[in-house]
1. Volume per residue, Å³, of the convex hull around the alpha-carbon atoms of the stretch 181-319?
2. Hey, which lysines would be in cross-link range of LYS223, C-alpha to C-alpha under 27 Å, not counting anything within fewer than 8 residues on its own chain?
3. ASP3 to LYS223: FRET efficiency via 1/(1 + (r/R0)^6), r the Cβ-Cβ distance, R0 35 Å, to the nearest 0.05?
4. Please report, for the Cα atoms of the stretch 254-302, the Rg to one decimal and the Dmax as a whole number; what are they, in angstrom?
5. I want the local charge near ALA340. Using Cβ-Cβ distances under 13 Å, sum +1 for each Lys or Arg and -1 for each Asp or Glu among the other residues.
6. Taking the Cα-to-Cβ direction at LYS208 and at VAL42 and moving 7 Å from each Cα, how far apart do the two end points lie in nm?
7. Using 0.36 nm times the number of residues separating ARG173 and LYS305, minus their current alpha carbon distance, what extension gain do you get?
8. Whole-Hz ³J(HN,Hα) for each residue in the stretch 245-252, computed from phi via Karplus 6.51 cos²θ - 1.76 cosθ + 1.60 with θ = phi - 60°, x for glycine and proline: what do you get?
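The values are calculated or read from the model by the stated rules, or taken from the named source; none is laboratory data. No experiment lies behind these values; they were computed from the predicted model shown. Please note: Cβ atoms are built from the backbone with ideal geometry, for glycine as well, and neighbour counts cover all protein chains shown. For accessibility, only protein heavy atoms count, side chains too; no ligands or nucleic acids. Shrake-Rupley method; radii C 1.70, N 1.55, O 1.52, S 1.80 Å.
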Amino acid sequence: MLDAIIIILFILAAAGIGFDAIELLPSGALYQVSNQDALRWVFAGFAALVGGAAGLLVQTTYRRLEKRVREMPIEVILTRAVGLVIGLLVANLMLAPVFLLPMPFDFAFIKPLVAILGSVMFSYLGVTLADTHGRSFLRLISPHSVETMLVAEGTLKPASTKVLDTSCIIDGRIEELLNTGFIEGQILVPQFVLQELQQLADGSNDLKRVRGRRGLDILNQMKDAYSERIVIHSADYDEIPKVDAKLVRLTQEINGTLLTNDYNLSKVATLQKVPVLNINDLAQAIRAIYLPGDSLDIKIIKGGKEPAQGVGYLDDGTMVVVEDGRDYMGGEIRVVVTSALQTSAGRMIFARPQASVVA
């Protein structure tokens, strides 16, 4: 019903404007028209078609907006409303002196123009700040909530904002981590990281161009799936030339956590007391641990250093050296773990075919 009302109102309004639009024509042109009433109805009909199209566009946009608002959490709606009101209030307070300034009549249009521009800018700024600091707004509105009291006494620690670096986005595993729910808090993508991805995607090097485009695709997918959590931050530091140094600086300023898989960046950030989550360390930590006596299936793909040895690999890349396994090369067998060795290059597992152990 509402959809029909919106479209009908636009049609009637446009038809009314078109009906009276011939008054705007030059008088000389009107004298040449023999039937002005017919011309009015032609104008009204054409304007009604345009109004119907405009009404359909407005109705579609309204329904999309309504759907997004219904899917939006009440906390987000509340904080954005507060941010919008604060932004408008600040805009009116700051722009009030502008209207008291004497101004020539020819430049009187500047005052309403400045008022509209200022209101839009400060409103957008208020909504953006509400998205970034929504929890703080809620605590100001309801300072005696259970969450606030737990945070105040130290029982509950708020999730820190995660700052993504370029390599972490291109790697792609961050998207899977978000899908599992192990990464909490707001995900911040600095503007300079986005610019670096774009430079890679536009570069002349084929390998870097593929990596850059992959990173942009992954970022778009995450933005679509987690539109409320992924935030593109506009902060930049012109005095700092390197992206890694900018990442460390930004993470320090917002008391966030740097999310990366760059070993050198992790070490530099750790030296500067910046919390770091390294995806490679996480992948290493969740590898399956095999103890002596455990059984596993492995495909022997090549021979080892010793004459009778065979070598296979687990799904995570761990090398498995199988004694008396050369005869099974090219096939998959069940082996029993005899020992494990951690080296600087990674982890190695030594095993024997289960048939020889049973025998």
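1. 205
2. LYS67, LYS157, LYS162, LYS208, LYS242, LYS246
3. After rounding, the FRET efficiency stands at 0.75.
4. Rg and Dmax of the stretch 254-302, Cα atoms, are 17.0, 51 Å.
5. Charge balance near ALA340 sits at +1.
6. Modelled inter-label distance: 6.2 nm.
7. Full extension from ARG173 to LYS305 adds 44.1 nm.
8. Once θ is set to phi - 60°, the couplings for the stretch 245-252 become 5, 5, 4, 4, 4, 5, 4, 5 Hz.
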